[in-house]
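Participant: Shown below is the structure under consideration.
The values are calculated or read from the model by the stated rules, or taken from the named source; none is laboratory data. Here the structure is a predicted model, which is why all the values come from computation and not from measurement. Cβ coordinates were reconstructed from backbone atoms using ideal geometry, including for glycine residues, and neighbour counts include every protein chain displayed. Note: areas computed on protein heavy atoms with side chains; ligands, DNA, RNA excluded. Shrake-Rupley method; radii C 1.70, N 1.55, O 1.52, S 1.80 Å.
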Amino acid sequence: MQIQEQVIAEIAKEVVARLRVQLQQPQSFSASASNGAASRDGVFSTVDDAVNAAFEAQKKVAAMTLEDRDRIVKIICRICNDRREELGRMEMEETKVGRLDHKIVKLTNMRLVLGVEALSTEARSNQSGMCIIEHAPWGVIGMMLPVTHSVPTMASNAINIVAAGNTAVFGPHPSGAKVAQYALQLWNREIEKELGVANVFTTTNNATIEAAEQIFNHPKIALICVTGGAAVAKAAAKSGKRVIAGGPGNPPVVVDETAELDRAAASIIEGAAFDNNLLCIGEKEIFVVASVANPFKEAMRRAGAYELDAAAIERLAQAAFTFEGRGKGCGRAHVNKAFVGKDIAVLAAAAGVSVPANTKLLFGETNEDHPFVVEEQMMPFIPMVRVRDVDAAIAAAVKAEHGYRHTAIIHTQNLETATRMARVMNTTLFILNAPSSKSLSHPGYFSHTIATPTGEGVTTPLTFTRQRQMMVGDALRII
């Protein structure tokens, strides 16, 4: 994603963005709908009304040319970019997690999401005739959004599904619902204005568990896509429909004795510090070969990270986790949501330390069974574990990743070691000598839904299509 370059680019556009925001302030932060089937640009009072409206819109979207679908994609990208400061600010104020500057960057990244260019027709022929294989839409897709990236997840999913000829009913997280409703309204207004189709994307004005269950089980919902924790994926699976599920991650990083330590430190900080480590692909724990552990810590400090000692780490752990059972550290640890996505200053206060204002990330040495290693903690602190050699590092990485098959990173100059780790980890994303963010940049592709439990990987328009095979018997053969 070339995060640093994009942040710099934002500064150059800031004045223009501020003026634009002043001219385009929303009439109301919250979206509302009247009774019955009436809506305000896609926001309905009931799930049934939202689904029925999207169902009618999908007939029109499926009949569109690819050029018109591409116009919808460009509308979404344009609004996300032009209103990035406004939408980023609204999401930050509502969710209260992450960093405003990085939320703005995430909105500009919508231009990296694959649209209609992902679709292609395959043809095969022999003496018996010709076969044409095309990618057909599913229909209306029910989509659940996480609180961590409400509008960015909705936008990347919207681009994927509409490029494939679908429409969607979105179920936002209650703590990110208002900004999602508002962004959806902006898209729908412009789509209807330019292409004459209303309610391409819909939602309800109340984000509840009951609404999500109704979306899952509605007969006109053809496919379900969920981005979030395991619980929502399990709930969706009960519907009996096909589910595309973006599951949890706990990405480990291995640093071996051949690694370029300064490059490794800078990369780890760039990935783990982004949006206060809310990204599921972000580096969550480091396993360092003992022979380079001390020089690596020096490299981390040079690159802008602040090291916590053992006592400070334990003070932070007692605040950042709750524990089953009684007594200090008893039972399994659970992340304290009050610390998820919070700024470094909040974590430093809990750790009882004062850190420089320009600190990029907190780190510190733990054992491999520490809660900060075991749990996907999503905070701007990363634990570091010393291991005897790279074999032990890879084994520890496999253990910490819990078989999620999400993301793993290695810093090494030994390609055989990298290949071996990639095979053992068997993750959807594997990164060598780069920040985790590089896994979602060109020449790869970008989306905020990475379907690890169900195996689709980084979602694209093709993820939301059905393969259609058309046969022509003994005709149209030239050779």
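Participant: Along the charge dipole of the stretch 45-86, pointing to its positive end and built from +1/-1 on Cβ of Lys, Arg, Asp and Glu, which listed residue (57, 77, 46) has its Cα farthest out?
Facilitator: Of 57, 77, 46, it is 77.
Participant: Could you estimate the translational diffusion coefficient of the stretch 119-240 from the Stokes-Einstein equation, with Rh from the Kirkwood formula over C-alpha pairs, at 25 °C and 0.890 mPa s, in whole µm²/s?
Facilitator: The calculation lands on 156 µm²/s.
Participant: Counting only Cα, what are the radius of gyration and maximum Cα-Cα distance Dmax of the stretch 150-201, in Å?
Facilitator: 10.8, 32
Participant: In the stretch 258-321, what is the volume of the convex hull around the alpha carbon atoms, normalised per residue and reported in Å³?
Facilitator: In the stretch 258-321, the Cα convex hull volume per residue is 104 Å³.
Participant: Per residue, what volume in Å³ does the Cα convex hull of the stretch 65-112 take up?
Facilitator: Each residue corresponds to 68 Å³ of Cα convex hull volume.
Participant: To continue, here is another question. Using +1 on the beta carbon of Lys and Arg, -1 on that of Asp and Glu, and nothing else charged, what's the dipole of the stretch 267-329 about the Cα centre, debye to 20?
Facilitator: In debye, rounded to 20, the stretch 267-329 gives about 180.
Participant: What does the convex hull of the alpha-carbon atoms of the chain project to on average, in nm²?
Facilitator: That works out to 25.8 nm².
Participant: Whose amide H sits under 5 Å from the amide H of residue 306, counting only residues 5 or more places off or on another chain, with H placed in the peptide plane?
Facilitator: 360, 361, 362, 363
Participant: To the nearest 20 debye, what charge dipole does the stretch 151-218 have about its Cα centre, counting +1 at the Cβ of each Lys and Arg and -1 at the Cβ of each Asp and Glu?
Facilitator: With only Lys, Arg, Asp and Glu charged at Cβ, the dipole is about 120 debye.
Participant: Accessible area per residue, 1.4 Å probe, Å², for the chain: what's the number?
Facilitator: About 42 Å² of surface per residue is accessible.
Participant: Another question about this same structure. Based only on the alpha carbon positions, what is the Kirkwood hydrodynamic radius of the stretch 236-288, in angstrom?
Facilitator: Its Kirkwood hydrodynamic radius stands at 13.2 Å.
Participant: Another question, then. Quick one: which residues, 5 or more positions from residue 446 or on another chain, have an amide H under 5 Å from its amide H? H modelled 1.01 Å from N in the peptide plane, none for Pro or chain starts.
Facilitator: Amide H neighbours of residue 446, under 5 Å, 5+ apart: 114.
Participant: Mind putting a number on the dipole of the chain about its Cα centre? Charges go on the C-beta only, +1 for Lys and Arg and -1 for Asp and Glu, and I need it in Debye to the nearest 20.
Facilitator: Rounded to the nearest 20 debye, it is 740 debye.
Participant: For the stretch 364-373, just list the computed ³J(HN,Hα) in residue order, Karplus coefficients 6.51, -1.76 and 1.60, θ = phi - 60°, integers in Hz, with x standing in for Gly and Pro.
Facilitator: So the J values, rounded to whole Hz, are x, 8, 9, 8, 6, 9, 5, x, 5, 7.
Participant: Can you give the FRET efficiency to the nearest 0.05 for residue 71 and residue 469, using r as the Cβ-Cβ distance and R₀ = 35 Å?
Facilitator: 0.75
Participant: I've got another one for you. Give me the extension gain from residue 260 to residue 242: residue separation times 0.36 nm, minus the current Cα-Cα distance, reported in nm with one decimal.
Facilitator: 2.1 nm
Participant: Same structure again: If I model a spin label at residue 213 and residue 323 as a point 7 Å from the Cα along the Cα→Cβ vector, what separation in nanometres do I get?
Facilitator: 3.6 nm
Participant: Separate question: What pairs in 74/337; 60/238; 106/337; 59/193; 234/438 have C-alpha atoms more than 24 Å from each other?
Facilitator: 74/337; 60/238; 234/438
Participant: Return the tail of the calculated pair distribution for the stretch 389-458, meaning the percent of Cα-Cα pairs more than 19 Å apart.
Facilitator: That tail contains 33 percent of the Cα-Cα pairs.
Participant: First compute the accessible area of the chain with a 1.4 Å probe, then give the percent of it belonging to carbon and sulfur atoms.
Facilitator: Result for the chain: 52 percent of the exposed heavy-atom area is carbon or sulfur.
Participant: Positive end of the charge dipole of the chain (Lys, Arg +1 and Asp, Glu -1 on Cβ, about the Cα centre): tell me which of 225, 404, 459 has its Cα farthest that way.
Facilitator: So the residue furthest toward the plus end is 225.
Participant: Going by amide H atoms built from the backbone, whose H comes under 5 Å of the H on residue 287, apart from near neighbours?
Facilitator: Long-range HN contacts for residue 287: 253, 254, 255, 385.
Participant: Something else about it: Whole percent per 5 Å bin, from 0 to the bin with the longest distance: what is P(r) over all C-alpha pairs of the stretch 354-395?
Facilitator: 5, 19, 24, 22, 15, 9, 4, 1
Participant: I would also like to ask the following. What full-extension length gain, to one decimal in nm, is calculated for residue 231 and residue 128 as 0.36 nm per residue of separation minus the Cα-Cα distance?
Facilitator: 32.1 nm
Participant: Taking the simple approach of a point 7 Å from Cα along Cα-to-Cβ for both residue 310 and residue 345, what is their distance in nm?
Facilitator: A separation of 3.2 nm, rounded to one decimal place.
Participant: As I understand it, the dipole of the stretch 137-290 uses +1 on the Cβ of Lys and Arg and -1 on the Cβ of Asp and Glu, about the Cα centre. Which of 153, 265, 278 lies farthest toward its positive end?
Facilitator: Looking along the dipole axis, the top candidate is 153.
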